[in-house]
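Asker: There's a structure below that I have some questions on.
A short reminder: the numbers here are calculations on the coordinates, not readings from a lab. As the structure is a computational prediction, the values presented were derived from the model and not from experiment. With ideal geometry, Cβ positions are generated from the backbone for all residues, glycine too; neighbour counts draw on all protein chains shown.
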Amino acid sequence: MAVEVEPRRPLSPPRTTGARRAIPAQDFYSPEVFERERDSFFSRRWICVGREEEIPRPGDYLARDVLGEGVLLVRDESGRVNAFFNVCRHRGSRLRDEGTGTAKLLQCPYHAWTYALDGRLVGTPNIAEGGGFARSDFPLHSVPLERCEGFLFVNFSESPPPLEEQLGPNGTAFSRYRLRDLRTTKRLEFDCHANWKVIVENYNECLHCPTVHPELVELVPLYRRGLVAEDDGFEGNRLGPGVQSWTVTGSSKVRPIPGLTEEDLHTYWGFVVFPTMFVNLLPDVVTYELLWPLGPDRTHITYDFLFHPASIAAADFDPTDIYEFRELIVRQDLRVCELAQRGARSRGYGRGVLPPQDDFVYDFEAEYLRERDGPAGRTL
Ligand code: FES
Ligand SMILES: [Fe+2]
């Protein structure tokens, strides 16, 4: 697919020393660090805000906040999706609350300035044009937008690099899963009292799996050993014998995505799109998870399930056990993320320790520092 970032493979060969130190604990709770993140990579990187299918018809819009910056994606009459800052040009009111909706025109809730779906300012009640005021001078400010495999990415910088450049060569690795054609059937939402990086780091390791996910380690033998990378260099994670998907029993009532390889039918693939997107691919379902940082110690999470239209159309389509199992796993994860967040401020902590099994965590932190402080900044 053309989303990307790293498959679950260390950026550098596995390290064997056991005493690497993590980034300082204050990076997980400091408001100043949170602001620095917002003003550095969150304003520079392409950020996934959803799927094109969420706004299928003209007039449909999707409003999202990325660390307080509002973006409004609108499908205009021509069918084109436009992205704007979700802010009125008059006196800065937010135009739409977060979520989806449909409108013929976008009217500001404050003084009713009204914008067309392509961002033109077309109405200013009680304010006539002339005398130096022209509505055409004040369209909504647009936000760079790119699509990839049905995913919508925005970028808050003025001249961002192409999305593919950020996504890199791994972007096409999962095209056989037909991500563009898949359709969302369900979204789970969670609020977690933890810094977004705690959740990313938890995703990047499985040392916690034997303790936290007793059900999951029944399905993926590797996880029972606390590992996320197979010994033979295979970059996926092999499902146990007879396991078709992640459910309590390991069996699935959903047909596999057409066209997968024999290997795919026995494999879980997962990767992080830095900074806040996770993609999980199983034979019958793809899920993607977006983290929405709300503050240094609070994160909202959306977790969407994608299935192939042919699977959905089957008379016996029943994803209930897939939903339930994944919700169980996510709740297990978020609980321990909250525990880790609570310990971050303790005088008895300071910073963590990253043994070799935490290679992906180490790599994430190295990338995080590069993105936040630049190549000349602090390194791990
Ligand atoms: S702030 Fe939007 S119309 Fe005044
Ligand atoms: Fe987990």
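Asker: Normalising by the residue count of the chain, find the relative contact order in percent from Cα pairs under 8 Å and 6+ residues apart.
Answerer: Working: 750 pairs, mean separation 91.4, N = 380.
Relative contact order here is 24 percent.
Asker: Further question on the same structure: Computed on alpha carbon atoms, what radius of gyration and Dmax characterise segment 186-295, expressed in Å?
Answerer: 14.5, 43
Asker: If R0 is 45 Å, what FRET efficiency do you get for Arg120 and Ile312 from their C-beta distance, rounded to 0.05?
Answerer: Values: r = 38 Å, r/R0 = 0.84.
Efficiency at R0 = 45 Å is approximately 0.75.
Asker: Modelling each spin label as a point 7 Å along the Cα-to-Cβ direction, I'd like the Arg44/Glu327 distance in nm, to one decimal.
Answerer: 4.0
Asker: I would also like to ask the following. Sorted by mean Cβ packing within 10 Å, highest first, what order do the peptides 79-91, 153-165 take?
Answerer: On the way: 79-91: 17.8, 153-165: 15.2.
In decreasing order of mean packing, 79-91, 153-165 become 79-91, 153-165.
Asker: Now for a separate question. Taking the Cβ of Trp292 as the center, what net charge do the other residues with Cβ under 10 Å away carry, scoring Lys and Arg +1 and Asp and Glu -1? Working shown, then result.
Answerer: Working: positive: Arg64, Arg298; negative: Asp65, Glu98, Glu189, Asp191.
Counting the neighbours of Trp292, the net charge comes to -2.
Asker: Largest first and in whole Å, give the semi-axes of segment 255-319's equivalent ellipsoid, each being the square root of 5 times a Cα gyration tensor eigenvalue. Present the calculation step by step, with values, prior to reporting the outcome.
Answerer: On the way: eigenvalues 160, 45, 10 Å².
Here the semi-axes work out to 28, 15, 7 Å.
Asker: Can you give the Kirkwood hydrodynamic radius of the chain from its Cα pairs, in Å with one decimal?
Answerer: Working: mean 1/r = 0.0450 Å⁻¹.
Result for the chain stands at 22.2 Å.
Asker: Now for a separate question. Suppose a student asked you for the relative contact order of segment 262-336, using Cα pairs under 8 Å spaced at least 6 residues apart; what percent would you report?
Answerer: Details: 77 pairs, mean separation 12.7, N = 75.
It comes to 17 percent, rounded to a whole number.
Asker: Please compute the net charge surrounding His90, taking Lys and Arg as +1 and Asp and Glu as -1 over other residues with Cβ under 13 Å from its Cβ.
Answerer: Details: positive: Arg89, Arg91, Arg94, Arg135; negative: Asp137.
Taking every other residue near His90 into account, the sum is +3.
Asker: Could you work out how far the C-alpha centroid of segment 166-227 sits from that of segment 290-362, in angstrom?
Answerer: Here the two parts' Cα centres lie 7 Å apart.
Asker: A further question follows. Enumerate the aspartates and glutamates that Lys104 could reach by cross-link, defined here as Cα to Cα under 19 Å, with residues fewer than 8 away along the same chain left out.
Answerer: Glu52, Glu53, Glu54, Asp60, Asp76, Glu77, Asp118
Asker: Now a separate question. Would you work out which of Leu290, Phe317, Phe307 lies farthest towards the positive end of the dipole of segment 250-344? Charges go on Cβ: Lys and Arg +1, Asp and Glu -1.
Answerer: Leu290
Asker: Here's a follow-up. What residue among Asn202, Leu152, His213 has its Cα farthest toward the positive end of the dipole of segment 146-223, where the charges are +1 on Lys, Arg and -1 on Asp, Glu, each on the Cβ?
Answerer: Farthest towards the positive end: Leu152.
Asker: Under 27 Å from the Cα of Lys197, which lysines turn up, not counting those fewer than eight places away in the same chain?
Answerer: Here the lysines satisfying the reach criterion relative to Lys197 are Lys186.
Asker: Under a point-charge model restricted to the Cβ atoms of Lys and Arg (+1) and Asp and Glu (-1), what is the dipole moment magnitude of the chain relative to its Cα centre, in debye to the nearest 20?
Answerer: Values: 45 positive and 57 negative charges, 167 e Å.
Charge dipole, the chain, about its Cα centre: 800 debye, nearest 20.
Asker: Would you mind telling me which residue in Ser136, Ser252, Ser93 has the biggest mean-square fluctuation in a Gaussian network model of the chain, where springs connect alpha carbons within a distance under 10 angstrom?
Answerer: Ser136
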